[in-house]
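Worksheet: one structure, shown below.
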Amino acid sequence: MMNKTVSKDEMLPEYHFDYQQAKPNRFAARSEQRMTVVVLDEDVAQVFTTPESVNKVLRALIKNMPHITSDETTA
């Protein structure tokens, strides 16, 4: 079977996209926040079932961690 190059004129109507009718991405506002996706192990995910619960615990942990100064990072 030979590959055939299809010109734009030969494309089916459902493949034509009218960019003048395009609407703004309704999810774009969400992407303004910087987000990082982390995959939790199953046992952890059973305890922390929402992003809020994970963030709450991690923020408490960060708050109680000893702070590292720039002098300590170069040692």
Can you run phi through the Karplus equation (6.51, -1.76, 1.60; θ = phi - 60°) for the range 52-68 and list ³J(HN,Hα) in whole Hz, with x for Gly and Pro? 4, 5, 5, 5, 4, 5, 5, 5, 5, 5, 4, 4, 9, 7, x, 7, 9
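I'd like the trypsin sites (Lys or Arg not before Pro) in the range 23-66 restricted to DSSP loop residues with at most 14 other Cβ atoms within 10 Å, sorted by number. Mind showing how you got there, number by number?
Details: sites: ARG26, ARG30, ARG34, LYS56, ARG59, LYS63; in loops: ARG26, ARG34.
Qualifying residues, ordered by number: ARG26, ARG34.
Between ALA29 and SER53, what length in nm is gained on full extension when 0.36 nm per residue of separation is reduced by their alpha carbon distance?
Working: separation 24, 0.36 × 24 = 8.64 nm, distance 2.30 nm.
Once the chain is fully extended between ALA29 and SER53, it gains 6.3 nm.
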Please compute, for the alpha-carbon atoms of the range 20-65, the extent along each of the three principal axes and give them in descending order in Å. 52, 25, 13
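Here, each number is a calculation from the coordinates, and none is a lab measurement. It should be emphasised that the depicted structure is a prediction, and the values quoted were computed from it without experimental measurement. All Cβ positions, even for glycine, are placed from backbone atoms using ideal geometry, and neighbour counts span all protein chains on display.
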